[in-house]
Amino acid sequence: MIEDVKESKIYTHREVIEINSLNLAFIGDAVWTLMVREFFCNHTRFKNNNLHKLTTKFVKAVYQAKALDELQEVLTDNEKDVARRARNTKMNTVSKNASLADYKKATGFEAVIGYLYLTGDIARIKYFFEFLQQDLLGEIK
């Protein structure tokens with residue numbers, strides 16, 4: 001899974017918080033998308049078009065905003081700070097399919113995933129994924 005991909009540098013917390021929040025979100029979006037795609041490939045026999053449609057539901061801003069809300073109770077202080085900083089970053093783009101509030105929360109969610117990935121805390125990303133996995137399983141039953 002994702003730990004097999006992470007062979008690049010492991011950053012310290014101090015190094016990662018110096019990275020632009022939108023860059024953390026960019027990385028986090030890629031990591032989250034890969035995990036969702038892999039999950040559906042391993043748990044369904046759907047063809048590519050259906051896999052894409054299914055995956056899209058869980059990588060959209062509306063779902064990621066909901067995911068951040070659901071995770072609030074288990075986020076560490078560092079993770080909350082990363083999410084807050086990303087939500088408050090001035091953005092030059094907006095989502096076509098989500099409110100500005102959802103788009104900013106989704107950016108916070110992605111930034112947390114990016115933060116964890118770059119610090120090498122893959123176990124924590126997997127914990128979040130398992131925490132939210134019921135949502136994904138509900139789509140394939």
Every residue from the stretch 64-89 that is in contact with a Ser or Thr (Cβ under 9 Å, 6 or more places away or on another chain) and within 21 Å of Phe40 (Cα to Cα) | Gln64, Ala65
Tell me which residues, restricted to the stretch 69-86, are closer than 10 Å to Gly108 by Cβ and among the β-branched types (Val, Ile, Thr).
-> Val82
Could you give me the residue pairs with C-beta distances under 6 Å whose first residue belongs to the stretch 1-15 and is closer than 20 Å to Lys80 by Cα, whose second residue is assigned to a loop (DSSP other than H, G, I, E, B) and at pLDDT 65 or above wherever it lies, and which are 6+ apart or on separate chains?
-> Tyr11/Thr119
Which members of the stretch 80-117 meet the condition of being over 15 Å from Asn23 (Cα atoms), polar (S, T, N, Q) and modelled with pLDDT of 90 or more?
-> Ser99
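The values are calculated or read from the model by the stated rules, or taken from the named source; none is laboratory data. Treat the numbers as computed from the prediction; the structure is a model and nothing was measured. Here Cβ is always computed from backbone atoms with ideal geometry, including for glycine, and neighbour counts include all displayed protein chains.
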